[in-house]
């Protein structure tokens with residue numbers, strides 16, 4: 001049994017994932033970091049040199065590999081759950097948790113973020129909101145398939161962990 005944190009870029013999957021894993025005494029993995037290690041390039045470098053389609057395939061391979069383990073909290077990339085294959089892998093090996101934030105909160109976080117986001121590269125502040133809105137509209141139907149949806153803006157890690165633990169138990173697994 002694994003826990004897959006999904007949601008839009010900037011929703012806090014990695015930072016929440018580390019804390020949830022520590023509270024549960026589980027392992028923590030970050031899909032983007034694993035792809036970077038495997039490819040020996042950053043995500044922006046992969047997008048620039050090999051394209052998004054290549055990155056998505058590499059992401060799916062890494063997801064498949066990490067899903068073979070158990071008792072792991074996995075921070076997925078923003079686009080990871082946006083394919084039936086990836087969603088099936090996650091649902092068959094654990095629980096999916098959507099860290100939902102409002103569009104406004106996401107834009108605010110992304111403006112302050114120091115991370116380079118390939119799908120937002122070159123977006124001026126007024127364009128950023130439009131790009132986030134369009135991507136979120138396309139991805140939300142995938143995110144909404146999660147086993148648990150958490151309002152990430154109003155839930156601390158301890159509350160989040162308790163909610164996730166309850167969902168894991170409801171699926172018949174032990175912590």
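The numbers here are math on the coordinates, done by the rules we state, and not lab data. Please read these numbers as outputs of a predicted model, since none were measured by experiment. Glycine also receives a Cβ, built like all others from the backbone with ideal geometry; neighbour counts cover every protein chain displayed.
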Item to check | Gain on full stretching of the segment that runs from residue 124 to residue 83 - 0.36 nm per residue minus C-alpha separation | outcome: 11.9 nm
Checklist entry - Dividing the convex hull volume of the Cα atoms of the chain by its residue count, what figure in Å³ per residue is obtained? => result 105
Item to check | Cα long-axis angle, helix 84-93 against the chain (0 to 90 degrees, to the nearest 10) | outcome: 30
Next on the checklist: Between helix 125-143 and the chain, what is the angle of the helix's C-alpha long axis to the longest principal axis, kept within 0 to 90° and rounded to the nearest 10?
Outcome noted: 40
Item to check | Helix 13-24 axis, angle to the chain major axis (alpha carbon atoms, nearest 10°) | outcome: 20
Item to check | Contour minus Cα-Cα distance for residue 92 and residue 105 (0.36 nm per residue) | outcome: 1.6 nm
Next on the checklist: With an 8 Å Cα cut-off and a minimum separation of 6 or more residues, compute the relative contact order for the stretch 8-59 in percent.
Outcome noted: 23
Checklist entry - Highest GNM mean-square fluctuation, the chain, Cα pairs closer than 10 Å: which of 60, 102, 11? => result 102
Checklist entry - So how do 47, 8 line up by other beta-carbon neighbours within 10 Å, fewest first? => result 47, 8
Checklist entry - Can you give the extra length, in nm with one decimal, that the chain gains between residue 38 and residue 70 once fully stretched, where that is 0.36 nm per residue apart less the Cα-Cα distance? => result 9.5 nm
Checklist outcome for this item: Per the 1/(1 + (r/R0)^6) rule, R0 = 35 Å and r from the Cβ atoms of residue 116 and residue 61, FRET efficiency to 0.05 is 0.95
Item to check | Length-normalised contact order of the chain in % [C-alpha pairs under 8 Å, at least 6 apart] | outcome: 33
Item to check | For the stretch 38-103 versus the stretch 1-35, the gap between their alpha-carbon centres in whole angstrom | outcome: 11
